[in-house]
Amino acid sequence: MLKGIGVSDGIGIGKVIKYIGAPVVYADTVITDTATERNRFRKAVGQFVQRNEEWAGRVDTSGADGKILRSHIAVLNDPWVLSQINMEIDGGRCAERAVEMVFAHLIARLSSVEDKHMRQRAEDIADIKRQILQNLLGREDFDLKDLPSDTVLILEALTPAIMAEIDVRNIAAIVAEKGGMASHSAIISRALKIPTVLNVANALKEIDAGTKIIVDGGTGEIYTSFDNNLKHKFFRTREIRARKEAMAEMFKEKKTVTADGIKKELLANIGLPKEVAAAVAGDAEGIGLFRTEFLFINRDILPAEEEQFEAYKAVAAGMKDKRVIIRTLDVGGDKNIPCLKLKKEENPLLGFRAIRYCLEDRELYRTQLRALLRASAYGNVAIMIPMITRVDEILKVRAMIQETKKELDEKHVPYKKDIEVGIMIETPAACLTADLLAEHVDFFSIGTNDLTGYILAADRGNADVNFLYSIFDPAVIRGIKYIIACAKKRGISCGMCGEAAADVRLIPLLVAFGLDVFSVDPSNILSVRAGLSKLNQSKCNAIAKAVLEKKTEQDIRIYLTSKAKHIFQFDHEET
Ligand code: PEP
Ligand code: MG
């Protein structure tokens with residue numbers, strides 16, 4: 001048995017496929033034997049054509065149309081493309097460099113055109129380039145979108161880009177050698193309900209491709225060999241968990257209210273417009289966090305204003321008149337957006353990220369704000385700014401929003417005139433100056449994923465410091481209490497959209513502190529509603545009082561876990 005950190009609950013049983021997607025690296029040397037280099041290129045093209053023809057055939061037999069794949073093949077039959085690449089090779093460039101140069105030229109030409117189809121084409125070309133480079137480097141390149149059903153995917157590190165690419169229907173479970181509970185990939189795997197275990201040392205070496213394994217995303221256990229007894233035990237665990245979900249179903253279409261009638265707002269976190277369906281199905285009362293950065297990853301060119309507008313509009317309209325809080329681009333940290341070509345930093349979590357970056361790349365930010373404001377005409381949209389550390393950042397964004405509104409007014413473009421502007425409280429500076437920040441915004445949303453990491457100086461994705469990274473640490477609890485108190489004093493709403501908002505053990509504390517809004521993964525909406533229904537203010541106040549008297553993370557965690565077990569008949573493995 002192997003063990004890692006179970007980050008997304010559920011049991012997955014399936015066959016192992018290993019994904020080794022290392023970056024494209026090659027020695028960019030001057031070539032003298034150009035004939036050999038031309039041959040390497042020809043062979044790489046041959047492999048590409050053969051594979052794409054196979055895929056096109058498979059697509060055709062499924063009743064769809066393989067036209068797109070055939071048009072990819074046509075790109076490599078284009079005499080101009082071939083002659084340019086061969087010319088670069090004859091000029092002494094290695095095949096990899098020649099391919100990169102010619103394709104970069106094509107991509108730049110297509111992406112400079114403000115036309116959706118052309119931009120899509122540019123993305124296709126980028127994918128063709130990637131495949132050819134993989135072939136040249138002799139790497140197996142399989143299509144993540146097209147894995148066999150019941151695949152257990154094993155990889156070194158799970159990235160949001162990989163998560164965006166896979167077809168969840170085919171994935172039984174995911175195992176990665178790196179990563180921690182609060183990494184973005186963990187958040188997405190929970191949202192997509194894929195049993196996932198991260199931080200499994202040597203998983204790629206220890207687990208053989210093609211074997212059938214069991215992955216428990218709750219306990220973090222991986223069984224590479226098992227008998228029928230064990231298999232049945234897992235089937236039973238699966239059933240118990242399904243029964244628990246069914247119990248929460250009783251809270252569907254119910255009000256979100258405590259036992260003594262205090263109303264709370266219960267919203268969903270999403271990363272892609274298509275997750276609106278899960279939010280609606282999960283009975284969310286709105287969207288509390290739309291992470292827009294997922295529109296920007298996995299592509300070679302930035303999404304244009306129109307594409308962003310369509311995405312934001314789809315979410316706003318999809319939620320009807322319910323509140324939709326859209327967070328502006330939160331790039332950086334563990335969310336790399338390759339097409340922004342950001343400098344490599346020594347310390348990306350403390351670096352040029354989120355609002356710091358956006359206030360410098362004003363054109364990019366203005367485009368996003370324009371798309372957001374335009375979409376606000378189609379629903380109840382609010383804007384949220386990530387990673388705020390100082391008041392002047394809010395003032396600068398507000399000024400940009402004002403300018404953008406003026407521009408839209410001049411063109412008679414509709415938008416929500418009184419659109420709310422709120423901020424994430426996720427840095428220690430924002431926490432300690434929450435009273436000052438509150439004067440300038442309509443709402444707070446506490447980002448506990450980052451706030452916990454920053455307060456405790458423990459990288460949220462680094463398993464080696466995972467023992468420190470805990471929402472139950474007295475430092476974090478005090479921070480949360482202070483933030484909510486500042487919002488209350490100023491009379492603005494305070495929400496929480498970090499993962500902690502879905503941890504039922506914390507609910508009594510958050511109710512006692514006066515949190516107004518819980519924004520959680522769609523699959524957790526009903527369990528949070530069920531939890532709230534069992535509490536009243538005086539019970540919560542008593543629990544909070546006891547917590548605030550405790551001095552260690554462990555004492556607080558054990559106390560809240562035992563309270564949760566008692567109040568919610570909730571069974572949490574980890575104490
Ligand atoms: C957070 O930091 O808690 C948060 C919600 O934002 P993200 O996880 O996207 O950084
Ligand atoms: Mg954050």
Some residue of the range 399-422 being assigned by TED's automatic domain parsing to the domain that holds Ala354 and within 16 Å of ligand 2 (Cβ to nearest atom): yes
Near pairs, Cβ below 6 angstrom, 6+ apart or cross-chain, from the range 39-55 (on the phi < 0 side of the Ramachandran plot) to any residue that is small (Gly, Ala, Ser): Arg40/Ala95; Phe41/Ala95
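Yes or no, residue by residue, for (1) touching a residue at least 24 places away in the same chain (Cβ under 8 Å); (2) over 17 Å from the mean Cα position of the chain (by Cα):
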{"site": "Ala304", "(1), (2)": "yes, yes"}
{"site": "Lys313", "(1), (2)": "yes, yes"}
{"site": "Met319", "(1), (2)": "yes, yes"}
{"site": "Ile326", "(1), (2)": "yes, no"}
{"site": "Gly332", "(1), (2)": "yes, no"}
{"site": "Asn336", "(1), (2)": "yes, no"}
{"site": "Lys344", "(1), (2)": "no, yes"}
{"site": "Leu349", "(1), (2)": "yes, no"}
{"site": "Ala354", "(1), (2)": "yes, no"}
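Could you tell me which of the residues Ile480, Ile525 is aliphatic (A, V, I, L, M), under 27 Å from Ala281 (Cβ atoms) and surrounded by 23 or more Cβ atoms within 10 Å (Cβ to Cβ)?
On inspection, the qualifying residue turns out to be Ile525.
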Options Glu306, Glu253, Glu285, Glu293: the member that is away from ligand 1 (no atom under 16 Å from the Cβ) and crowded, with 20+ Cβ neighbours inside 10 Å: Glu285
Residues (hydroxyl-bearing (Ser, Thr, Tyr) and more than 10 Å from ligand 2 (Cβ to nearest atom)) located in the range 453-469: Tyr469
Filter result (within 16 Å of ligand 1 (Cβ to nearest atom) and of a type in the set (A, V, I, L, M)) within the range 402-432: Ile423, Met424, Ile425, Ala429, Ala430
Criterion (crowded, with 16+ Cβ neighbours inside 10 Å, among the hydrophobic types (A, V, I, L, M, F, W, C) and part of a helix (DSSP H, G or I)) met by exactly one of Ile355, Ile325: Ile355
Whichever residue in the range 548-571 is touching a residue at least 60 places away in the same chain (Cβ under 8 Å) and under 20 Å from Ile240 (Cα atoms) and, among such residues, is surrounded by the most Cβ atoms within 10 Å (Cβ to Cβ): Ala564
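Go through the range 377-401 and give me each residue that's of a type in the set (Gly, Ala, Ser) and away from ligand 1 (no atom under 16 Å from the Cβ).
Answer for the range 377-401, where residues must be of a type in the set (Gly, Ala, Ser) and away from ligand 1 (no atom under 16 Å from the Cβ): Ala377, Gly379, Ala399.
The values are calculated or read from the model by the stated rules, or taken from the named source; none is laboratory data. No experiment lies behind these values; they were computed from the predicted model shown. With ideal geometry, Cβ positions are generated from the backbone for all residues, glycine too; neighbour counts draw on all protein chains shown.
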